[in-house]
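Below: the structure, in structure tokens.
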Amino acid sequence: MPDAAPATRRGRWVLVALIVVPAIALIAVAASSALRSETIVVDVPPGTAERLAAGETVELLPRTLEVSVGDRLEVHNRDVVAHQVGPYDVAAGQSLAQTFTTPGTLEGLCTLHESGQVTIVVR
């Protein structure tokens, strides 16, 4: 009767390979995505609301912001009033950190420029 041990060992190696190889590939894809992600920082200086109310042009972010899944938006509000960036409210003296995890389009009010609207497109 032939020895079953080599076949059993071979089966274990195949099983290990079927588990380990996809896991390594998944980790590599996640690491690659993290390396390519960007952070968009918006610094809202004191007096921004006053300047906008006075009709000044304030360019803190574009009317349409295009980002990729994995990118991060940071808004640091140093103004004395709350500001809204699409669906996000940022209280006076506070910060927002939002990492985009799914593709889609977010639209809403924006108090950081004269159009009063922002569209965030997540690819």
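For region 44-73, a residue qualifies if it is in contact with a Leu (Cβ under 9 Å, 6 or more places away or on another chain) and closer than 16 Å to LEU106 by Cβ, and the qualifying residues are LEU61, LEU65, VAL67, LEU73.
I'd like the full set of residues that are hydrophobic (A, V, I, L, M, F, W, C) and more than 14 Å from VAL42 (Cα to Cα), limited to region 68-81. Those that are hydrophobic (A, V, I, L, M, F, W, C) and more than 14 Å from VAL42 (Cα to Cα): VAL69, VAL80, VAL81. Here is the figure for region 72-119: residues that are within 21 Å of SER37 (Cα to Cα), surrounded by 19 or more Cβ atoms within 10 Å (Cβ to Cβ) and either of a type in the set (Asp, Glu) or not assigned by TED's automatic domain parsing to the domain that holds ALA54 (or both) total 0.
The values are calculated or read from the model by the stated rules, or taken from the named source; none is laboratory data. Everything numeric in this text was worked out from a predicted model, so none of it was measured. Cβ sites come from the backbone with ideal geometry, for glycine too, and all protein chains shown count toward neighbours.
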